[in-house]
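Asks: Mind having a look at this structure? Questions to follow.
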């Protein structure tokens, strides 16, 4: 481990990229503590004490607590993610955007520009809703969250939160371009892991007071390690569909069969299904915090993580969105046509329609396994809290994001190391045709 770190920081370019990434993440975390003007932070903190298990609590987790403190980064990067998902779905259902996505680098730049515009529009809408909602919020004793409500407060809040989201979007793009890893994913990662130190301190305090026995604490640690290992195993797992290419004549001789494969991931849809599912089924609990209507309050009582109905609907929604998102982002017919155009075929399967049906059948089985796996990880926090009184949320969408971002970043670092090794291996060798 130590030698690996030495190798990483011994490469000037890689060291510069890592330090730049850490610096940008530090700027992000500092901004998460800059308050929005005109808000009583004490009263707001008391209001957010009851939002665990609601959409507000979910978004606050992704923003590293910035929403619960209502800082300039309260919206986080969620508007950008929403805009990206909307454009990705439109790419499938709207033909002009689909054609644009196939135009190479220029098309990608245009879609990126539209994503930025969509982010600003969504940020204005969301910040306006938050500003209006803040004016109606009160603490347990009836204290108002906003000291001076009115048009001026709404305008200032919209400008502040929208500018904060635009700045985070810029930070993410800078990390992607000049740092290491995907900038947007790393910002979400930083927001989630920001609550880890507090969770550790709280757990130690509970062990000292006897609220949690040492045996249970060790058992929880073992379960956590096993779950992380299982997620890494599943996220890297894929079904490799073999692809054979016909023999081709090269000069006066014939080249042999070129074998390849089509990797189909077990979890093809990533973390999108649990995010969609959480947003939908947490809506009643979120509305219940804002309005005092008896039937809404009763419906919200069923849609809490501790209730069996919540978990049943949650799992069903995750399975549905796993199939839906996979069907939207992966088209077996297009894949089969591309294989056929390149002179390839799946052994034992006729090219064209039969290949598409075979890939679709394999993908359906993989999607079912992936949906069950994602569902199990997402209901894990409820099980740990109910059975072991764990004082923090471990599992769910947050853990999937953390492991996924960690794997992606480590693979990019490894790619830099391998590239550097190849350069060192080839240094001093004169290749024919090289100038």
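Asks: Please give the length that would be gained between residue 408 and residue 167 if that part of the chain were fully extended, namely 0.36 nm times their separation in residues minus their C-alpha to C-alpha distance (nm, one decimal).
Replies: 84.4 nm
Asks: Taking the mean number of other Cβ atoms within 10 Å as a proxy for protection, how do you rank 67-74, 211-218 from highest to lowest?
Replies: 67-74, 211-218
Asks: Further question on the same structure: Sort 229-235, 269-275 by packing, meaning the average of other beta carbons within 10 Å per residue, with the highest value first.
Replies: 269-275, 229-235
Asks: Along the Cα→Cβ direction, 7 angstrom out, place labels at residue 354 and residue 246. What is the inter-label distance in nm?
Replies: Calculated label separation equals 1.5 nm.
Asks: Would you mind computing the Rg to Rh ratio of the stretch 18-194 from its alpha-carbon coordinates, Kirkwood style for Rh?
Replies: For the stretch 18-194, the value is 1.02.
Asks: I need the peptides 84-97, 367-380, 165-178 ranked by packing, meaning the mean over residues of other C-beta atoms within 10 angstrom, with the highest value on top.
Replies: Averaged packing, sorted descending, gives the order 367-380, 165-178, 84-97.
Asks: Here is a further query. Assuming 0.36 nm per residue, please report the length gained on full extension of the stretch residue 106 to residue 193 beyond their Cα-Cα distance. Provide the component values of the computation, followed by the final result.
Replies: Working: separation 87, 0.36 × 87 = 31.32 nm, distance 3.58 nm.
Using 0.36 nm per residue and subtracting the Cα-Cα distance, I get 27.7 nm.
Asks: On a full-extension model of 0.36 nm per residue, what is the gain between residue 33 and residue 383, subtracting their alpha-carbon distance, rounded to one decimal in nm?
Replies: 122.8 nm
Asks: If only Cα atoms are counted, what is the Rg of the stretch 65-132, and what is its Dmax, in Å?
Replies: Over the stretch 65-132's Cα set, Rg and Dmax evaluate to 14.5, 43 Å.
Asks: Classify the stretch 118-198 as rounded, prolate or oblate from the Cα gyration tensor: take a ≥ b ≥ c as the square roots of its eigenvalues, call it rounded if a/c is under 1.5, otherwise prolate when a/b beats b/c and oblate if not.
Replies: Since a/c reaches 1.5 but b/c is at least a/b, the shape of the stretch 118-198 is classed as oblate.
Asks: If one computes the Cα centroid of the stretch 130-205 and of the stretch 357-378, what distance in Å separates the two points?
Replies: Between the Cα centre of the stretch 130-205 and that of the stretch 357-378, the gap is 34 Å.
Asks: Additional query: So if R0 is 56 Å, what FRET efficiency would residue 415 and residue 147 give, r being the distance between their Cβ atoms, rounded to the nearest 0.05? If you can, show how the numbers build up before the last one.
Replies: Details: r = 52 Å, r/R0 = 0.93.
The pair residue 415/residue 147 has a calculated efficiency of 0.60.
Asks: Measure off 7 Å from each Cα along the Cα-to-Cβ vector at residue 128 and residue 364, then give the distance between these two points in nanometres to one decimal.
Replies: 4.5
Only the coordinates and a few stated rules stand behind these numbers; no lab work does. Just so we're clear, the structure is a prediction, and the values are computed from it rather than from any experiment. Backbone-built Cβ (ideal geometry, glycine too); neighbour counts: all protein chains shown.
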